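Scroll down for the structure; my scribbles are underneath it.
The values are calculated or read from the model by the stated rules, or taken from the named source; none is laboratory data. Given the structure is predicted, the values throughout are model-derived calculations rather than measurements. Cβ placement follows ideal geometry from the backbone for every residue including glycine, while neighbour counts extend to all protein chains displayed. These accessible areas exclude ligands, DNA and RNA; they are computed on the full protein's heavy atoms, side chains included. Shrake-Rupley method; radii C 1.70, N 1.55, O 1.52, S 1.80 Å.
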Amino acid sequence: MLAGLRGSITVGGVAAAIKLMKCFYERQQAALILEKEKANAELQMLKAQLHPHFLFNTLNNIYSFTQEVSEKASGMIMGLSQLLRYILYDCSKPLVPLDKELKMIKDYFQLESTRYDDGLDLSIQMPKFTDHLIAPLLLLPFVENAFKHGASQVTEHPWISLAVHIYNNELSMKLINGKPATISNMNPGIGIANVHKRLELLYPGKHKLVINDEEEMYVVNLTITLATAPAQVVKNVYHATEQEIQLPHR
């Protein structure tokens, strides 16, 4: 009986030891996987920090070379650098100063219009100064469409008209561009669909968007009531971020 009892204790001890070793091994493997994921996350963060610097340093080098070759080309590179800096850094925030957003629109107009030389009839009206805040990149997709589906498709006398006004806390934008009469039912693209979604989430009941696709022109009328209490807008913006909204992009 004692021999049998000793044998059962020995077998139970071996089984317990195996179970403990297995548990230890699994924990060790989990710790190694966690350490590997942490290292990968740190590497990705490092890449995210390095890539913009590399990009801007390269653009600056190209800019310095093109200054002696082509003033027009160097101006385009500088404009592109400013646009990228705004999109990469400022637009990561839930709100941006409206002044910066409008300056970005001006820079985009200047960058795009250079390829038309003097052939593009461009009219831009914007407020000289405003202290309002707005969710970033709400206006740019409309301007992109004005070039992509409008000015670039018109062979003779392409034109774009943009008027932005601020009255009290309401922003109003009217964007009109000419288009060939042969093009009907102009497809607004993914960017405009995303703007629709963002407006509904960020400014519910505080915006109005009307798009008219007419025979020889495309007309966009947009009004947004910019909240007097920035905290309310911030709340809406973060709520939209949780919905994983795709930023306007074609």
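Scanning region 203-215 for residues that are closer than 19 Å to His149 by Cα and loosely packed, with under 11 Cβ neighbours inside 10 Å turns up Val210, Asn212, Glu215.
Keeping to region 74-115, report how many residues are of a type in the set (Asp, Glu) and open to solvent by 70 Å² or more (accessible area, probe 1.4 Å).
0
Checking each residue in region 67-81 for being in a loop (DSSP other than H, G, I, E, B) and of a type outside the set (Asp, Glu) picks out Gln67, Val69, Ser70. Residues in region 133-168 that are outside any strand (DSSP E or B), more than 24 Å from the chain's Cα centre (by Cα) and either closer than 25 Å to Leu201 by Cα or at pLDDT 90 or above (or both): Asn168 alone. Residues that are at pLDDT below 75 and under 30 Å from Met173 (Cβ atoms): does region 35-53 have at least one? Yes: region 35-53 contains one or more residues that are at pLDDT below 75 and under 30 Å from Met173 (Cβ atoms). Figure legend. Inter-residue proximity from region 100-121: first residues farther than 14 Å from Ala146 by Cβ and among the hydrophobic types (A, V, I, L, M, F, W, C), second residues open to solvent by 30 Å² or more (accessible area, probe 1.4 Å) and modelled with pLDDT of 90 or more, beta-carbon distance below 7 Å, spacing 6+ or different chains. Indicated pairs: Leu102/Met126.
Taking region 192-243 as the search range and keeping residues that are modelled with pLDDT under 80 and hydrophobic (A, V, I, L, M, F, W, C), which one is farthest from the chain's Cα centre (by Cα)? Checking each candidate, the answer is Ala229.
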